[in-house]
Amino acid sequence: MPLATTKQLLIGLTAALGWTGLLIQFPLAISNSRAQGMHLAGGIIVYLGFFTILTNLLIAIALTSSLKPKSRIGGFFTRPAVTSALTSYIATVGMVYSLLLLWNPEGLEKAADILLHDVVPLMFVGGWLFLFRKARLPWRDVLLWLVYPLAYFCFALIRGALTGRYPYPFIDAAKLGYSAALGNAAVLLLAFVILCLVIVAIGRWSERHSPANRIRHDSL
């Protein structure tokens, strides 16, 4: 099977699985929120208040758009800098869940949980490693990639201070106190920076050793 066809199939399948996980989780989140006395709008805000949901939504939109790479939005989401940033975000989702958020959901919630925390992260990272185009990205790109998780953390803290609801226990300032919550966030941020540096390094190495570059080098 041609590489381009394999890539398109992986993109389409990963996008479909991502949308499936998001669609399964949505009514479950709304139902849980309504059971706690919230209105529909409040349930939607809770649903979108998780880094997992926002990141998988971003991944699903990116992959769906990239099926038409000649479109403006498709071209944007196929840029190596963008796919590398998305890789860092979705890899963080999978690793943080596996290391810090161990729980055992049941039924449809378990299906959504596996899709959003395991299947989509593994497929996207695998696609980036073996199929997606890479480039010699500047190391300073890591600073740009930090904007999204930092903005999310600020949003989570502000929303938590206003509502008393925090999406993750390790940033629950109401229970841990702000010093502990900020300390946990700093550790996660450091781990994220290290992950981003590894991703940039892999991309730079892959681009330098790509067949096209070897051909150019041999022709000199």
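Quick notes
- Label zone (I114, point 7 Å along Cα-to-C-beta; backbone nitrogen cut-off 15 Å) within segment 1-35: 17-18, 20-22, 24-25.
- Kirkwood estimate for segment 146-200, i.e. one over the average of 1/r between Cα atoms, Å: 11.7 Å
- In the chain, the sites counted are chymotrypsin sites (Phe, Trp or Tyr not before Pro) in DSSP loop states with at most 16 other Cβ atoms within 10 Å, and the longest stretch holding none of them, exclusive of the sites, is 1-102.
- With a simple spin-label model that places each label point 7 Å from the Cα along the Cα-to-Cβ direction, the separation between L122 and A41 comes to 4.1 nm.
- Projecting label points 7 angstrom from Cα along Cα→Cβ for L28 and V193 puts them 3.5 nm apart.
- Structural size metrics of segment 3-219, computed from C-alpha coordinates, are Rg and Dmax of 18.7, 69 Å.
- Per residue of the chain, the DSSP helices (runs of n ≥ 4 H) give a summed -39500 (n - 2.57) that works out to -25000 deg cm²/dmol at 222 nm.
- Top positive-direction residue, dipole computed over the chain with Cβ charges, set Y178, A35, S71: S71
- Once both labels are positioned 7 Å from their Cα atoms along Cα-to-Cβ, the gap between A186 and A4 label points is 5.1 nm.
- Pairwise Cα separations in segment 77-167 fall into 5 Å bins from 0 onward with the following percentages, short to long: 3, 12, 16, 18, 19, 16, 9, 4, 1.
- Rounded to the nearest 0.05, the FRET efficiency derived from the C-beta distance between C154 and R208 at R0 = 35 Å is 0.45.
We did not get these values from a lab; they are worked out from the coordinates using the rules stated. Just so it is clear, the model here is predicted, and its values are computed rather than measured. Glycine also receives a Cβ, built like all others from the backbone with ideal geometry; neighbour counts cover every protein chain displayed.
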